[in-house]
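Here's the structure, in structure tokens; my notes come after.
The values are calculated or read from the model by the stated rules, or taken from the named source; none is laboratory data. Predicted model, so just to flag it, every value in this text is computed and none were measured. A quick note on method: Cβ atoms are made from the backbone with ideal geometry, for glycine too, and the neighbour counts reach across all protein chains shown. For accessibility, only protein heavy atoms count, side chains too; no ligands or nucleic acids. Shrake-Rupley method; radii C 1.70, N 1.55, O 1.52, S 1.80 Å.
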2 protein chains.
Amino acid sequence: MTIAILGGTGPQGGGLALRFARAGVPVALGSREAGRAEEVAARLSAQLPAGSAPIRGYDNRAAVEAADEIVILAVPYSAHDATLVAVRDLLAGRILVDIVVPLADGDPKAVAMPAEGSATEAAQALLGGDVPVVGALHNVAAATLNKLDRPINCDVLVCGDDLGAKTKVIELIRRLDVEAYNCGPAVNARCIEALTPILIRLNMSKAVPFTHAGIRIWPPSHLPAGGQREAAAAAQ
Amino acid sequence: MTIAILGGTGPQGGGLALRFARAGVPVALGSREAGRAEEVAARLSAQLPAGSAPIRGYDNRAAVEAADEIVILAVPYSAHDATLVAVRDLLAGRILVDIVVPLADGDPKAVAMPAEGSATEAAQALLGGDVPVVGALHNVAAATLNKLDRPINCDVLVCGDDLGAKTKVIELIRRLDVEAYNCGPAVNARCIEALTPILIRLNMSKAVPFTHAGIRIWPPSHLPAGGQREAAAAAQ
């Protein structure tokens, strides 16, 4: 099942393309210019191990048409609405996964939410009720995605108003060996998107001994969860 | 250093009182009625191991007066503003720690934020600039706090506009053997408070094999963090 990644030439979209292709999911990488997308697709493909699915470059509209069902929007926030408008007529029958965080202009440590409340809600308002919008993958660092030798160190919080669409997106994300959780309706994107600048601030801070931290859902220690299983395995 | 916990007769405030007293921090437990606070303080004290600091009951105003510096507000959201108004004149020279989440009326799976954006910001607006307000401890389940034989399975995200006050609150919270992070200005309480109903929804869901999950900040697996140290130790 081919997925499209619009804005796939950026670090977040490119990192997702690598991860999905390695997991066996063919990727149609979209950009405003097909030539640029083809260049980046070739560069990314060269990093993939044998047996990976292909990454192919297209302009954004052709990338949507190449997608069987799921289209991931991974552009900078400044291009969020314009990109959706440019492909809107092709999205009927598909699912839009919005991973965009409305970072404040010139300050990645703050959000500047649109009037709708979040990018996910703005996308749903722009596309109307016929195209389900799912918010996901906001809190995964691009640097992490691009280091294929490391596991993804976070869980993925997924939200949206269409349960069937969310379930499909959760199944897709789990192919990356990460835990993805249904975190409720689209309105919860106001919180989930806003987590990203909190993580960026913390990761930039000299008060902590790390960078590129993510978020994990963490049950009490006597109960199992994805992150705990991984940490326990790493400690053995 | 005695701290006050207003609304300390509820499950969240009572659980915090237990944890702080066991860690050696004397607690002035506040309630609207002194008699009720004394009753609960006695019941909680009976659960504490030898060597713990005392928990004493007071009416909310007397609890603030008994606090050396830090006053934790742990009332239900419906009592948030009225409780602050009732003690406002006593808060000068103290730090208010707001742990209140504005859950929607009748739906703990949703927030209903005040016009100021969050409970923390509403408290700061109500108290004015002379009393620093720090948002913290929103995402710790009351059930977890009250089970003294279990570690607290989450990190604490701390926000507020006064760095000195935040630093003191972070030091206090770390006495509970949890990691507490400076997560930026008070405006970030809009995200941090809103995480709680997302966790409540997830913990109620039949799709996950756990309840009472919290949030952890999770660095890449080659870098150390509190949660990873604990999980690694538990696995050995």
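Details
- Put simply, the amide H of A:GLY214, placed in the peptide plane, has neighbours under 5 Å in B:TRP218, leaving out anything fewer than 5 places away on its chain.
- Computed from backbone phi with θ = phi - 60° and the Karplus coefficients 6.51, -1.76 and 1.60, the 3J(HN,Hα) list for segment B:89-100 is 5, 9, 8, 4, x, 10, 10, 9, 9, 9, 10, 7 Hz; x is used for glycine and proline.
- For A:PRO49, the label point sits 7 Å beyond Cα toward Cβ; its separations from the matching points on the remaining copies run 4.6 nm, from shortest to longest.
- Accessible area in square angstrom per residue, chain B, 1.4 angstrom probe: 39
- Exceeding the 20 Å Cα-Cα cut-off - candidates A:LYS168/B:LYS206; A:LYS166/B:LYS206; A:LYS109/B:LYS166; A:LYS109/B:LYS168: A:LYS109/B:LYS168
- Along segment B:190-200 the Karplus relation, 6.51 cos²θ - 1.76 cosθ + 1.60 evaluated at θ = phi - 60°, assigns HN-Hα couplings of 4, 7, 5, 5, 6, 5, 4, x, 5, 5, 4 Hz to successive residues, with x for each Gly and Pro.
- The modelled label-to-label distance between B:ALA86 and B:LEU48, using points 7 Å beyond Cα along the C-beta direction, is 2.3 nm.
- With 10 Å bins from 0: P(r) over the protein assembly as shown, alpha-carbon pairs, percent: 4, 20, 29, 23, 14, 7, 3, 0
- Here, P(r) means the percent of Cα pairs in each 5 Å bin from 0 to the largest distance; for segment B:33-160 it is 2, 9, 17, 20, 21, 17, 10, 3, 0, 0.
- Other residues whose C-beta falls under 13 angstrom from the C-beta of B:ARG61 contribute a net charge of -1, scoring Lys and Arg +1 and Asp and Glu -1.
- Environment charge at A:GLY30 (Cβ cut-off 12 Å; Lys +1, Arg +1, Asp -1, Glu -1): 0
- Intensity falloff of chain A expressed as log10 I(q)/I(0), Debye formula with alpha-carbon point scatterers, at q = 0.08, 0.10, 0.17, 0.18 Å⁻¹: -0.27, -0.43, -1.30, -1.45
- In chain B, the portion of solvent-accessible area held by carbon and sulfur atoms comes to 51 percent [1.4 Å probe, whole percent, DNA, RNA and ligands not counted].
- Amide hydrogen proximity for A:ALA110: with H placed 1.01 Å from N in the peptide plane, the residues at 5 or more positions away or on another chain lying under 5 Å are A:ALA104.
- Sorted shortest first, the separations between the A:ALA112 label point and its copies elsewhere in the assembly read 3.2 nm; each point sits 7 Å from Cα along the Cα-to-Cβ line.
- Beta bridge orientation in chain B: antiparallel %, DSSP, nearest 5: 15
- Here the Karplus relation 6.51 cos²θ - 1.76 cosθ + 1.60, evaluated at θ = phi - 60°, turns the backbone of segment A:48-57 into coupling constants of 7, x, 4, x, 6, 6, x, 10, 10, x Hz, with x for every Gly and Pro.
- Chain A, dipole about Cα centre (Lys/Arg Cβ +1, Asp/Glu Cβ -1), debye to the nearest 20: 760
- Inter-copy label distances at A:GLY35 (7 Å, Cα→Cβ; nm, one decimal): 8.5
- Accessible area buried by the pairing of B and A, both sides summed with a 1.4 Å probe, works out to roughly 3300 Å².
- Antiparallel beta bridges, as assigned by DSSP with both residues in the protein assembly as shown, represent about 25 percent of the total such bridges.
- Net charge over other residues, Cβ less than 14 angstrom from the Cβ of A:LYS166 (K, R count +1; D, E count -1): -2
- Cα pair count fraction exceeding 24 Å, expressed as % - segment B:105-209: 28
- Whole-number percent relative contact order across chain B, with pairs defined as alpha carbons under 8 Å at least 6 apart: 16
- Prolate/oblate/rounded label for segment B:44-106 (Cα gyration tensor, a/c 1.5): oblate
- Put a dot 7 Å past the Cα of B:ALA142, heading toward its Cβ, do the same for B:ARG36, and the two dots end up 1.2 nm apart.
- At least 30 Å² of accessible area lost relative to the chain alone, listed for segment A:171-210 with a 1.4 Å probe: A:TYR181, A:CYS183, A:ASN188, A:CYS191, A:LEU195, A:ILE198, A:ARG201, A:LEU202, A:PRO209, A:PHE210
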